[in-house]
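The values are calculated or read from the model by the stated rules, or taken from the named source; none is laboratory data. Note that this is a predicted model, so its numbers are computed, not measured. So basically every Cβ, Gly included, is an ideal-geometry build from the backbone, and we count neighbours across all protein chains shown.
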Ligand code: GLN
């Protein structure tokens with residue numbers, strides 16, 4: 001099935017951006033521990049906060065784009081910011097022996113990367129959908145192809161940046177960060193040069209312009225202005241107060257968990273509290289806008305419900321970077337023909353599987369679509385969750401009864417990643433497509449931000465769950481569930497994603513109605 005050329009421009013741009021993101025991410029913790037000599041605990045905290053916050057700022061980028069800048073300008077500015085962030089990382093690594101200067105440069109770099117990602121990520125995803133008419137059946141397959149671009153970048157990046165940056169000599173990290181910065185610049189250059197030529201709707205209208213320039217949206221713009229005139233500031237004040245109260249509640253809970261005291265000034269996880277409180281207040285704020293029509297409101301509810309279930313998906317899936325890496329390291333036989341494969345290599349399995357399987361899934365959706373048998377989007381999401389559960393079930397039985405310290409075949413972990421990737425392809429690109437189809441145009445990028453926000457919450461939650469990874473036969477209890485062995489640990493995810501899959505599956509009929517004609 002033919003797709004517009006604009007899709008391939010977005011493919012290449014996003015491929016370079018993800019090259020930059022994943023390339024830096026692959027080196028980040030190593031840089032912290034081996035060059036700046038931070039301890040593992042602090043490094044993991046910084047890493048978790050960074051990966052959590054990059055998925056929170058899409059709310060800001062989405063808002064500014066919908067209201068003022070449009071997708072194109074937001075992508076350009078976000079891309080430039082991220083390149084600057086990577087170059088600051090480069091300079092940090094150049095001066096790594098001057099610890100204070102290097103840390104200062106690094107934190108500035110991280111801040112700019114977090115903000116830049118917020119402008120880039122939701123906007124490029126929105127543009128993919130806008131290349132098509134709202135009812136075009138090619139959207140799911142287009143997002144799947146786009147997703148392949150993400151993962152081509154994610155596959156190459158750790159290999160290249162690892163090759164030049166992770167040599168064992170801390171002075172070489174800078175080359176990895178420099179590569180990430182150059183990759184980002186390449187993406188932006190290609191985008192700027194070709195955007196006017198290729199980024200348009202099937203009938204030739206340019207997409208991603210500012211709301212003012214956008215003739216398609218002119219009517220909505222007027223409606224928006226009217227809305228603004230009648231907007232009451234009360235909702236805004238209440239939301240801000242609500243966010244502050246929730247933030248304090250989460251902070252108190254964290255610190256009482258950590259040190260049994262109610263002082264919010266020690267041991268509080270500020271970033272976790274920030275992410276969780278904003279994840280609750282923003283959706284409430286958006287949906288209580290009285291100016292939304294009934295249909296718009298129902299469709300937004302669908303986005304929320306699906307985003308909620310997706311939290312369970314990513315918090316189990318993202319164990320890849322945490323508990324599953326411990327498992328690869330300590331409990332998996334990684335010897336192939338006498339060569340010991342590094343545990344970190346398992347992390348690229350997912351990206352490679354996405355690249356290999358995406359064309360098959362894109363074809364599958366088109367094929368089923370033609371026969372009128374394509375499952376609707378929430379059903380695909382539920383299948384995704386179900387596959388995640390199956391992946392953990394496979395490994396749970398693989399390790400059942402295995403004595404501690406015994407290493408199991410790497411086929412177990414490989415099968416888990418294969419099945420998880422199939423689940424991801426049913427859920428993640430389809431989710432992007434669904435959000436695009438359901439959003440009212442004046443909130444398109446902001447709601448994409450809400451979708452990514454569920455990733456922020458999930459990443460934070462994933463870190464908490466990974467802490468239950470069993471160690472030395474000690475029993476840990478999660479919500480009344482006892483975890484002593486690896487089997488118990490993996491079954492937690494089987495149950496969690498299995499239940500989520502079943503509930504979502506039973507909701508699909510209701511959700512279909514609430515989607516009001518979108519499928
Ligand atoms: N791997 C995908 C990306 O980098 C999806 C990440 C996510 O949504 N958690 O865009």
Out of 311, 352, 360, sole residue that is within 16 Å of the ligand (Cβ to nearest atom) and under 19 Å from residue 148 (Cα atoms): 352
From the list 147, 132, pick out the single residue that is within 15 Å of residue 21 (Cβ to Cβ) and touching a helix residue (DSSP H, G or I) at 6+ places or on another chain (Cβ under 8 Å). 147
Can you tell me how many residues within the range 44-56 are within 13 Å of the ligand (Cβ to nearest atom) and at pLDDT 90 or above? 3
How many of the residues making up the range 14-23 are more than 10 Å from the ligand (Cβ to nearest atom) and either modelled with pLDDT of 95 or more or outside any helix (DSSP H, G or I) (or both)? 4
Residue that is nearest to the ligand (Cβ to nearest atom) [pool: residues in the range 363-399 that are loosely packed, with under 13 Cβ neighbours inside 10 Å and not in a helix (DSSP H, G or I)]: 373
Within the range 24-43, how many residues are in contact (Cβ under 8 Å) with a residue 60 or more places away in the chain, more than 16 Å from the ligand (Cβ to nearest atom) and surrounded by 17 or more Cβ atoms within 10 Å (Cβ to Cβ)? 6
May I ask you to say which residue of 121, 174, 197 is buried (at least 23 other Cβ atoms within 10 Å of the Cβ) and out of contact with any strand residue (DSSP E or B) (no Cβ under 9 Å at 6 or more places or on another chain)? 121
Flag for residue 190 being at pLDDT 95 or above and closer than 22 Å to residue 65 by Cα: yes
Kindly evaluate residue 423 against the criterion of being out of contact with any strand residue (DSSP E or B) (no Cβ under 8 Å at 6 or more places or on another chain) and within 13 Å of the ligand (Cβ to nearest atom). yes
Of these, 446, 511, 434, 504, which one is touching a residue at least 40 places away in the same chain (Cβ under 8 Å) and either surrounded by fewer than 17 Cβ atoms within 10 Å (Cβ to Cβ) or within 16 Å of the ligand (Cβ to nearest atom) (or both)? 434
Within the range 119-144, residues within 14 Å of the ligand (Cβ to nearest atom) and more than 26 Å from residue 59 (Cβ to Cβ) come out as none
Assuming residue 304 fulfils every condition listed in (1) more than 16 Å from the ligand (Cβ to nearest atom); (2) touching a residue at least 60 places away in the same chain (Cβ under 8 Å); (3) closer than 16 Å to residue 414 by Cα; (4) under 20 Å from the mean Cα position of the chain (by Cα) apart from one, which condition is it? (3)
For the range 329-346, enumerate the residues that are modelled with pLDDT under 85 and touching a helix residue (DSSP H, G or I) at 6+ places or on another chain (Cβ under 6 Å). 329, 343, 346
Just wondering, is there one or more residues in the range 466-473 that are within 22 Å of the chain's Cα centre (by Cα) and not in a helix (DSSP H, G or I)? yes
Under 6 Å between Cβ atoms, at least 6 apart or on separate chains: pull out the pairs that start in the range 145-156 with a residue that is touching a residue at least 60 places away in the same chain (Cβ under 8 Å) and end on any residue that is near the ligand (Cβ under 7 Å from one of its atoms) and assigned to a helix (DSSP H, G or I). 150/18; 153/18; 154/18
The one condition in (1) surrounded by fewer than 17 Cβ atoms within 10 Å (Cβ to Cβ); (2) within 16 Å of the ligand (Cβ to nearest atom) that residue 67 fails to fulfil: (2)
Is there a residue being part of a helix (DSSP H, G or I), at pLDDT below 95 and within 16 Å of the ligand (Cβ to nearest atom) anywhere in the range 158-179? yes
Sole residue being under 30 Å from residue 301 (Cβ atoms) and out of contact with any strand residue (DSSP E or B) (no Cβ under 9 Å at 6 or more places or on another chain), chosen from 473, 480, 463: 463
Which of the numbered conditions does residue 80 fail, given that it passes all the others? Conditions: (1) within 16 Å of the ligand (Cβ to nearest atom); (2) assigned to a helix (DSSP H, G or I); (3) over 22 Å from residue 164 (Cβ atoms). (1)
